[in-house]
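A short worksheet on the structure shown next.
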Amino acid sequence: MNERSNWMDKLPEDVAQRLGNCRSTRADIRILVDAKWVYMCQTGKREECFTKEDALVSILDLLDSNGQSFDLSQAEYDSLKHDSFGSQSPAACIDKEVEKLLPEWCYVYLPSTRGLGIIQRGEKGCLEDQLFTPPSPLAPSGKATGELLARQKNAQLGVTPAQAAAMSAGSMFGWDCPAADPRAYDVHGILKKNKAPNDKAADRPAPRRGKNPQR
């Protein structure tokens, strides 16, 4: 029970509530599988030769015990078992000091869906939150309200604008890039004009400029 509660701690509140009430949706399956797989990787299961398919089977068994059976197509099954972490485990490429400064997950506004997405630390890309994505009545009405809603949801999680901005950068450009460090942002989540904390290139001396040699 303790292991289950640990991986469930990584779930968005609405997904966890639906799971607890045996009312999970088809869209929840990917979020459940990803959360389970993140937990398995962080607890060393990947090194024990477990795969993301094991996480998928575990979730499907859990849903089945809740009286919910989902008939997945082969394409859906293959997509769900795909390990988007590549050859590395979650957060493997994140500097350990930076990793301590990042939340496990946060919300972000997605212009492509006009709804909210969920970024998980160490993972490429993000997941759609169907509860806050059209045609849901809880979806934002536009970019401004969407970004505001994401900030409000993050604030409820204790995630600062700087952390959210760093999570967004990491999910898009890689978790080892300087912009994935929350210290590179001000309190409003705006990238500072000075160098990012991990930007070693900025420490290099500027090349000397002198007169062209006489010929």
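Observations on the model:
- Test: residue in the stretch 117-134 that is surrounded by fewer than 17 Cβ atoms within 10 Å (Cβ to Cβ), at pLDDT 90 or above, under 20 Å from the mean Cα position of the chain (by Cα) and assigned to a loop (DSSP other than H, G, I, E, B): no
- Neighbours by Cβ (under 6 Å, 6+ apart or cross-chain): first from the stretch 152-174, more than 12 Å from Ile118 (Cα to Cα) and touching a residue at least 60 places away in the same chain (Cβ under 8 Å); second among the small types (Gly, Ala, Ser) and part of a helix (DSSP H, G or I): Ala166/Ala180; Gly170/Ala180
- Any hit, the stretch 177-200, residues being over 26 Å from Tyr109 (Cα atoms), modelled with pLDDT under 85 and assigned to a helix (DSSP H, G or I): yes
- Flag for Ala75 being surrounded by 18 or more Cβ atoms within 10 Å (Cβ to Cβ) and not assigned by TED's automatic domain parsing to the domain that holds Met172: no
- Subset of the stretch 141-151 (residues that are outside any helix (DSSP H, G or I) and either free of Cβ contacts under 8 Å to residues at least 12 places away in the same chain or in contact with a strand residue (DSSP E or B) (Cβ under 7 Å, 6 or more places away or on another chain) (or both)): Ser141
- In summary, Pro111 fulfils each of the numbered conditions (1) surrounded by fewer than 19 Cβ atoms within 10 Å (Cβ to Cβ); (2) modelled with pLDDT under 85 with the single exception of condition (2).
- Within the stretch 150-193, tally of residues that are among the acidic types (Asp, Glu) and surrounded by 14 or more Cβ atoms within 10 Å (Cβ to Cβ): 2
- Candidates Ser84, Ser73, Ser65 - the one that is within 23 Å of Leu157 (Cβ to Cβ) and either at pLDDT below 80 or polar (S, T, N, Q) (or both): Ser84
The values are calculated or read from the model by the stated rules, or taken from the named source; none is laboratory data. Please read these numbers as outputs of a predicted model, since none were measured by experiment. Glycine also receives a Cβ, built like all others from the backbone with ideal geometry; neighbour counts cover every protein chain displayed.
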